[in-house]
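Single-structure report; data block below.
Quick note: the coordinates plus some simple rules give every number you see, no bench work behind them. Keep in mind that this is a model prediction, so the values were computed, not measured. Note that each Cβ is placed from the backbone with ideal geometry, even for glycine, and that neighbours are counted across all protein chains shown.
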Amino acid sequence: MSLAIFRQRMHEASYGENDKKWFPKWLARYADGKTQDNGLLPVTAPLVVEFSRSLLNSGTPAWQRLQGVRAVEAYRDLVLGSLEPCLNDMKTILGRFAAAEQNSGSVSLRDEQQIVGIIDPSEPALVQQMRRELRLRHKALETERAYIGWIMRFIRHCGSEDLQAFGEAEIKSFLTELAVEGNVAVSTQDQAKSALLFLYQQVLNRELVFLDVTRSNKPKRLPVVLSRAEIAQVLPEFRGLRRLMFLAMYGAGLRHKECCRLRVNVSPCQVSGSCLLLAPVFSCQKSVLRPDTEPDSRRPKRRADSVPARGRSS
């Protein structure tokens, strides 16, 4: 609710047009994961520092981090009506970093087009805007594909690309239809809801009231696990790298995508019968057991071209 008040007061205040456009977006990012007290966002120096560091970790340049801090400061002034915390020191430091980036010729850091990449101009304008916002927030490619898919389905459900004209009633109808007629899993319905909330709150800058949606009651599907005898029948069909991948997936309980993204971190291994693998995407380490059936696998195989480079496509 306080985000809507902030947008209204920003519109009435004497801020530049660029600030009026971007400050609500930055404040929405600041509000992610924060518990509001009586409808108001907490603003403290540690929270603002944490927000700025999260932007830094996602590759956001200093001039945009400065804009984000200024947005929080504007919320403090316009909505909270307070002078605390004082953010002048933080703005000064970020201003110096931004000037250093510009003077060093790091113009590309300020070029949002390099972050956004190529977007198909034949897509609906709202979908293009959604892609742009997702990429500026460094969302995963899988997240972008899933969210865009749900938005396209919602457009077909509403029968119009102008989703600004629709709201809570249509969202409730769409999500309920997924549960009742589509018989989707709870996690699938939650993903669709997250995509629509991102669209309305982060892209269209609209606050949504409580959505009373019929929840999916589809039971969780238990995965099919092969027995040892079945594994023994399948194993001879694999050769070389694929055989090693199959054994790693079976022995360590890895998903296929996790196995493709693993890289060797320590070799040869200090632990007998195992090798330490690092999954950079998930920021975790997995100690994968070396199968006794593969005596030549003590030294893990590596091939640079085994997995194609990840790239964006619209």
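Figure legend: label point modelled 7 angstrom from the Cα of Glu84 along Cα→Cβ; residues of the range 34-53 with amide N under 16 Å from it are 42-48. Taking Lys and Arg as +1 and Asp and Glu as -1, the other residues whose beta-carbon sits under 14 Å from that of Ser173 total -1.
Cross-linked pairs Lys21/Lys139; Lys21/Lys172; Lys172/Lys257; Lys34/Lys193; Lys139/Lys257; Lys20/Lys172: Cα-Cα separations exceed 25 Å for Lys21/Lys172; Lys172/Lys257; Lys20/Lys172.
Cβ-to-Cβ counts within 10 Å put Ile151, Ile93 in ascending order as Ile93, Ile151, the fewest first.
With contacts taken as Cα pairs under 8 Å at a separation of at least 6 residues, the range 2-110 carries a relative contact order of 30 percent. Using a cutoff of 8 angstrom between alpha carbon atoms and counting only pairs six or more residues apart, the relative contact order for the range 113-203 works out to 30 percent. Fully extending the segment from Glu168 to Leu141, taken as 0.36 nm per residue of separation minus the present Cα-Cα distance, adds 7.0 nm.
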